[in-house]
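A short worksheet on the structure shown next.
The values are calculated or read from the model by the stated rules, or taken from the named source; none is laboratory data. Since this is a predicted model, take the numbers as computed values, not measurements. A quick note on method: Cβ atoms are made from the backbone with ideal geometry, for glycine too, and the neighbour counts reach across all protein chains shown. For accessibility, only protein heavy atoms count, side chains too; no ligands or nucleic acids. Shrake-Rupley method; radii C 1.70, N 1.55, O 1.52, S 1.80 Å.
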Amino acid sequence: MCGIIGILGKQDAVPHLVDGLRRLEYRGYDSAGIAVLNDHAIERRRAKGKLDNLAAEVDQHPISGQVGIGHTRWATHGVPSENNAHPHMTDKVAIVHNGIIENYLDLREELSEKTNGSVEFTSDTDTEVVAHMVGYYLDQGMSPKDAVTEVLPRLEGAFGFVMIFHGHEDLMVGARQGSPLAIGYGEGEMFFGSDALALAPLTRRICYLKEGDWAVITPEGADIMDMQGNPVEREIVQTAVSGATIGKGNYRHFMLKEIYEQPTVIGDTLTTVLNPASQTITMPPLPVNAKNITKVTATACGTAYYACMVAKYWVEQLARIPMETDIGSELRYRGTPLPEDGLALFVSQSGETMDTLESLRYARQEKQNILSVVNVPESTVARESDAVLLTQAGPEIGVASTKAFTTQLTILACMAIGLAKERGTLDAKREAELASALAEVPGRAAEVLNHDEHIAEIAKTISEARDIFYMGRGTAYPIALEGALKLKEISYIHAEGYAAGEMKHGPLALIEDDVPIIMIAPSDDLFDKTASNVQEMVARGGRVIFISDKKGIAKMRRMAEPAACIEMPDVDPFVAPILYSIPIQLLAYHVAVLKGTDVDQPRNLAKSVTVE
Ligand code: HGA
């Protein structure tokens, strides 16, 4: 996926542009390029393939300038090649673009007619037409701002773009619709970036543009407008993203770093929908009136599927809508009938998971209203959905999902509240209780991380096991499934997740002396039932690791002594699945470290699964 950086600086921007692009490499790309302004012209260097190729090109044919833009491209229109690499330009303007201009063919034709065919297109991209359209208005004598004002309303599709203009060393224009873009504020310098990561070493003062915003930046600051050109105020935040984020920092593995980022990214995700002052949740508009929804059909793969399973409990209990969950590779071939006025929900970190995407297309044929939860706003799943809920997990490098999962849970919890509000099945008092429970999650998550050392000790007691069981009831059941998956993925130990009440219907036969059982048991309505299941395990010699709050642990100990306990904060059971995910991530991590596996890139697995 593409990355963007723009620098309106006080010194040569070229080394910082290349460095910024390196920070965006994790997204995946096929070519890269930069362009800078100097006294005579806009100068550009581009290269197919890795950034080292671009760096070599810049070494061989140096350019310099204080104002510049850079791009890593992941082709959507036109093969990966130097010609198709961004920036695209005329002699007056250069542009880098993320997303897809859907009406680019019409725009090309229109421009050719207007100019009697004098515009020469040199690439197969959708992006290039935007450069030529802006160039056309600049040629008519318009200012950069006026030229962009003319072009913006004509663009259909998704874009995040940044432009520089020959003869205007004091300004740069950026816009976003569907693809992310942030402004960075420096000391007498200003920046654009597709995420804060690109800007991390340059500035921590960031303003995330909202959908439909565009901005003119100068060394003094930014004028931000909506698509109609009305000025809008946007908050400047101190980003938590640091220069170290792209690397492992002081962490031994990306997975551990990502586990530790959870308090921040859960908080970032909540910020998009939760108002802590009014204790309310406001969701973006859904593609269907919630009152009319007959059924929710949720589809995902792997960890995201377990997030859907948790959401099923929330949606059914709070919003009283029947919800079904499906694995992407099953739904797409099952030919299941989907009801009129159904809401089809798709959850995918990358938004590119093939089986999830194909299921979405199936749901589209079945005339469903399509809502997706993704971590990558410009992804295909997002583009093909009627509405999108974004997680704010930031880049997740470790193959085993951690922070993507807990942010998915966070936004799905908010979605369930939003649906329930609209359907009138949740009163304001309970909404306030749930909102305040959610608002506490980042702080509580930080507390849970304090158990890291204790969990590392527990890991030593189970790392030699052949089989490990994870169990829970209610929303703890999908967390048990996720715990087992996490352990399998990175430690290669065979693990099974079960609904605790299901053990006696078969799997109990496998419990014998010292078989580890991870029991996930928040103090909720089902606690006593789970505690009885613990007794059944202990009676058969099972080594129970009991994850509960203080009250739950005390109660359990009066019945049977687990081999070890992990004490969780006392929280509303509604948010427990988000928090109880953290100890099982840490446990899997420490077991894997003890086993000496490749934690971040486990054998046979890939991060974004774009094949069947
Ligand atoms: N459509 C443009 C940009 C592609 C993109 O955003 N990729 O993630 C192109 O194909 O060049």
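Need one number: the % of Cα-Cα pairs in the chain sitting beyond the 48 Å mark.
On the way: 32213 of 186966 pairs.
Counting every Cα pair in the chain, those more than 48 Å apart make up 17 percent.
Roughly to the nearest percent, how much of the accessible area of the stretch 159-226 is carbon and sulfur, given a 1.4 Å probe?
Details: 950 of 1980 Å².
Its accessible area is 48 percent carbon and sulfur atoms.
Return the distance in nm (one decimal) between the two label points of a simple spin-label model at Asn250 and Glu233, each offset 7 Å from Cα along Cα→Cβ.
The answer from the label model is 3.9 nm.
Whole number in Å², please: accessible area per residue of the stretch 500-612, 1.4 Å probe, ligands, DNA and RNA not counted. Before the final figure, lay out each step's value.
Details: 4950 Å² over 113 residues.
That works out to 44 Å² per residue.
Percent of accessible area on the stretch 386-455 owned by carbon and sulfur, 1.4 Å probe?
Numbers: 1090 of 2240 Å².
Solvent-exposed carbon and sulfur of the stretch 386-455 make up 49 percent of the total.
Quantify, in whole percent, the carbon and sulfur part of the accessible surface of the stretch 279-376 (1.4 Å probe; protein heavy atoms only).
Values: 1790 of 3670 Å².
Answer for the stretch 279-376: carbon and sulfur cover 49 percent of the accessible area.
Which one of Leu481, Gly506, Ile520 has its Cα pushed farthest toward the positive end of the charge dipole of the stretch 479-556, where Lys and Arg give +1 and Asp and Glu give -1 at the Cβ?
My answer, from the dipole projection, is Ile520.
How high is the relative contact order of the stretch 45-138, in percent, counting Cα pairs under 8 Å that sit 6 or more residues apart? Kindly include the intermediate steps, with their values, before the conclusion.
Working: 101 pairs, mean separation 26.0, N = 94.
For the stretch 45-138, the relative contact order is 28 percent.
Would you tell me the accessible area of Lys595, worked out with a 1.4 angstrom probe on the heavy atoms of the protein chains, in Å² to the nearest 10?
Around 80 Å² of this residue is reachable by solvent.
Quick one: check the C-alpha center-to-center distance for the stretch 558-590 versus the stretch 35-71, whole angstrom.
52
Skip the ligands, DNA and RNA, and give the accessible area per residue of the stretch 301-399 with a 1.4 Å probe, whole Å².
Details: 3420 Å² over 99 residues.
Roughly 35 Å² per residue, with all protein chains present.
Estimate the FRET efficiency between Lys595 and Val79 by the formula 1/(1 + (r/R0)^6), using the beta-carbon distance for r and 41 Å for R0, to the nearest 0.05. Write down the numbers at each step before the final one.
Working: r = 42 Å, r/R0 = 1.03.
Approximately 0.45, to the nearest 0.05.
From the C-alpha gyration tensor of the stretch 1-100, pull out the three semi-axes of the equivalent ellipsoid (sqrt of 5λ each), sorted largest to smallest, in whole Å.
Values: eigenvalues 76, 40, 31 Å².
Semi-axis lengths for the stretch 1-100 are 19, 14, 12 Å.
How large is the accessible surface of His40 in square angstrom, using a 1.4 angstrom probe and rounding to the nearest 10?
About 150 Å², ignoring ligands and nucleic acids.
So if I take the centroid of the Cα atoms in the stretch 415-487 and the same for the stretch 167-225, what is the distance between those two points in Å?
First find each Cα centre; the distance between them is then 36 Å.
Can you tell me what percent of all Cα-Cα pairs in the stretch 470-537 are more than 14 Å apart? Working shown, then result.
Values: 1264 of 2278 pairs.
Every Cα pair in the stretch 470-537 considered, those over 14 Å come to 55 percent.
Working from Cα positions, state the angle (0 to 90°, nearest 10) between the long axis of helix 550-559 and the longest principal axis of the chain.
With both axes taken from Cα atoms, the answer is about 30 degrees.
Quick one: in the stretch 470-612, what % of C-alpha pairs are over 24 Å apart? Mind dumping the intermediate values first?
Numbers: 3049 of 10153 pairs.
So the pairs more than 24 Å apart make up 30 percent of the total in the stretch 470-612.
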